[in-house]
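These notes are about the structure you will find just below.
None of the figures in this text is laboratory data; all of them are computed from the coordinates on show. Predicted, not measured: the structure shown is a model, and the values here were computed from it. Neighbour counts are summed over all protein chains in view; Cβ atoms, including those assigned to glycine, are modelled from backbone coordinates with ideal geometry.
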Amino acid sequence: MSSKNEVTRVLEQIAAYLELKGENAFRVRAYQTAARAVSGFTDDFAEAAASGKLAELGGIGPATLQIAVEVLATGRATLLDDLRKETPSGLVDMMQISGLGVAKIRQIHESLGIKTLSELEEAAKDGRLASLPRFGPKTAQKVLKSLQFLKRVGEFRLFHHARAEAQTLLPALRKLPGVSRAEIVGGIRRRREVIENMEFLIELDGSWNALVDRLDSLVDVTEFASETEGIITIKFGSGSVASLCTSPPDEMGFHMVRTTGSAEHLEALAHRGQDLGLSWTESGVVLHGDKIDCPTEEDVYAAFELEWIPPELREGLGEIEAAARGGLPQLVDGADLRGFIHCHSDYSDGTSTVRDWAIAARDAGYEYVGITDHSEAATYAGGLFRNNVKDQHEEIDRTNAELQGITVLKGIEVDILQDGSLDYTPEIRSSFDFVIASLHSRFSQDRETITKRILRAMDDPDMAILGHPTGRLLLSRDPYPMDLDAIFSKAAECGIAIEINADPQRLDLDWRFVRRAVAQGVKISIGADAHNVSGMANMDLGIGIARKAWLAPSDVLNALPLKGFLRFVAQRRNN
């Protein structure tokens, strides 16, 4: 695991343990904020810590900086060790369960003596959990459902964590004897939002046995097994698993396609090959009994009379047919985005100032940045009180007057309230350049109620963008139920964009649904949902989801220049 990821994990765990202990909420939030800041840091983390640059990072204070330095130096944190001794680890695991806040977890532990998830499951089944005050059968059933969800996703990791670890391991693999090339393949290369195992393809021009003999030199390897000659599985102390496939140089392109594409993609490729006299085998592409040399991926697809297919599209969802007719889209790329939207400043729960955001966005090459703090109803996130709106807008005006090369927009992320109305008065909302509206509460409502709630919110002409539409938290919380087709239809009718929320724990809307929304005429925005300037890196994750959804630049709202973006908002308000 990279040093940055390890520090992030430690800070997150400290925050969780402190919250369970009932520590001061500000202290808990300090560790949560620091974890987000470290996770989004894009430069060399160890070097930043050594040079003192890390101390200048927004969201890092003296206490959390000390933790980071200790973890980098020793691989552990004394504070976390002490907290683990004081608190059963199973109680922290319970914080992943939907509907169980800290107070209820403490109540379960103190009343029933429960310390583990398995004990909690038994209590939910035998009625003990339902008998507790403020619980009841519905809560017990919800806990059981959440436990089943955790079991289902327990072997997976978030994409950005898996990719970061794979990128850290890759240079070490490339240095192994006999390895002339090594590449990341599989779900990471296809940019799947959750990853089970890291997968690598190694071009081997040396001895297989020499490679196997040196694998234990990799950092943190606890075991490895050679399943067959050509495939090795490695397990690390962190619990991560890596699968290594090897290839001779003249077959590297074939194996890149084979180890990258989904089973459905490869099946569709093999089916097309039948009409061309080609056979798809485990060792290569065969034409009339002779194997075709395929040193590059382009060679493989050319043999099947196809243009090269971007890795993100290799899911068996029509990409073969599109490539055959020359109909693959020109996929959106980071350079296509003109605006950076959905970010939180220190006016709500962010740690970066308006000026920080303006400078960072300008330096990253954006034309405009939309500050979108939480609205007043979001007390859980330090929502922007209505009497502070004027102060923020004046600061934005000053920043725009002082800085060249960037325009700061006055945006807001307003809560969709229980009845479907939007937070603030129409007069206050109209003072903002654009409005993102999001659900942040009452997730347990049924499908019909949530759908009606969102549809009513979409009647409000101030709403330009629907934020993180399904509310999912990857590996933690299922999407809330809703009629997405009804929502897509109304968004297209009203001229409302739907967001790809690029927060790595959300990546919401799911790329399969994004594609469906665009087919119905919906414009898509890509929002970082960043809480400090280091979170600008989230945009790359959002771009990955957009590419998986076949999006071209013309499908993306913030690929428009500033005037085009504001025209979209104005048309919505006049709709």
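Laid out as a table, the results:
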quantity: Under the Karplus curve 6.51 cos²θ - 1.76 cosθ + 1.60, θ = phi - 60°, whole-Hz ³J(HN,Hα) for segment 302-317, x wherever Gly or Pro sits; calculated: 5, 4, 9, 6, 10, 6, 4, 10, x, x, 4, 8, 7, 10, x, 10
quantity: Distance in nm between pseudo-label sites at S217 and R27 (7 Å out along the Cβ direction from Cα); calculated: 4.7
quantity: Residues with amide H under 5 Å from that of L132, placed H, sequence gap 5 or more; calculated: none
quantity: Among 468-475, 131-138, the order from most to least packed when residues are scored by Cβ within 10 Å on average; calculated: 468-475, 131-138
quantity: Amide proton proximity set for E196, modelled H, under 5 Å, gap of 5+; calculated: R157
quantity: Over segment 238-309, equivalent-ellipsoid semi-axes from the Cα gyration tensor in Å; calculated: 23, 14, 11
quantity: Integer Hz, Karplus 6.51/-1.76/1.60 couplings in order for segment 385-390, x for Gly and Pro; calculated: 5, 4, 7, 9, 4, 4
quantity: Among H374, H393, I436 the positive-end extreme of the charge dipole of segment 323-444 (Cβ point charges); calculated: I436
quantity: Separation in nanometres of the label points that stand 7 Å from Cα toward Cβ, at A335 and N575; calculated: 3.3
quantity: Under 29 Å from the Cα of K142 - lysines, other chains or at least 8 residues apart; calculated: K21, K104, K115, K125, K151, K452
quantity: Over 30 Å (Cα to Cα) - which of K145/K490; K4/K235; K53/K390; K85/K175; K235/K291 fall in this group; calculated: K145/K490; K53/K390; K85/K175; K235/K291
quantity: Cβ crowding within 10 Å averaged over residues, with 402-411, 433-442 ranked highest first; calculated: 433-442, 402-411
quantity: Contour minus Cα-Cα distance for D485 and R516 (0.36 nm per residue); calculated: 10.3 nm
quantity: Cα-centre dipole for the chain with unit charges at Cβ (Lys and Arg positive, Asp and Glu negative), debye to 20; calculated: 1720
quantity: Karplus 3J(HN,Hα) series, Hz, for segment 433-445 with 6.51 cos²θ - 1.76 cosθ + 1.60 (x for Gly, Pro); calculated: 5, 7, 10, 9, 10, 9, 7, 10, 7, 6, 6, 7, 4
quantity: Per-residue Cβ neighbour rank within 10 angstrom, fewest leading, T64, T353, T74; calculated: T74, T353, T64
quantity: Efficiency of FRET between T281 and E305 - r from beta-carbon atoms, R0 22 angstrom, step 0.05; calculated: 0.75
quantity: The chain: calculated mean residue ellipticity at 222 nm from DSSP helix runs of at least 4, using -39500 (n - 2.57); calculated: -13500 deg cm²/dmol
quantity: Scattering profile of the chain at q = 0.08, 0.09, 0.10 Å⁻¹ [log10 I(q)/I(0), Debye over alpha-carbon scatterers]; calculated: -0.62, -0.79, -0.98
quantity: Stretchable slack from L112 to T425, in nm (0.36 nm times residue separation minus alpha-carbon distance); calculated: 108.0 nm
quantity: Extension gain from E321 to Q274, taking 0.36 nm per residue of separation minus the Cα-Cα distance; calculated: 15.5 nm
quantity: Packing-based ranking, highest mean first, of 279-288, 375-384 given that Cβ atoms within 10 Å are counted; calculated: 375-384, 279-288
quantity: Two-site label geometry, E86 and F443: point separation in nm, points 7 Å out along Cα→Cβ; calculated: 2.8
quantity: Amide hydrogen neighbours beyond the local backbone of R181, cut-off 5 Å, H modeled; calculated: E203
quantity: FRET efficiency, 1/(1 + (r/R0)^6) with R0 30 Å, evaluated for A172 and S51 via beta carbons; calculated: 0.80
quantity: Förster radius 45 Å - calculated FRET efficiency between Y380 and I231 (Cβ-Cβ, nearest 0.05); calculated: 0.40
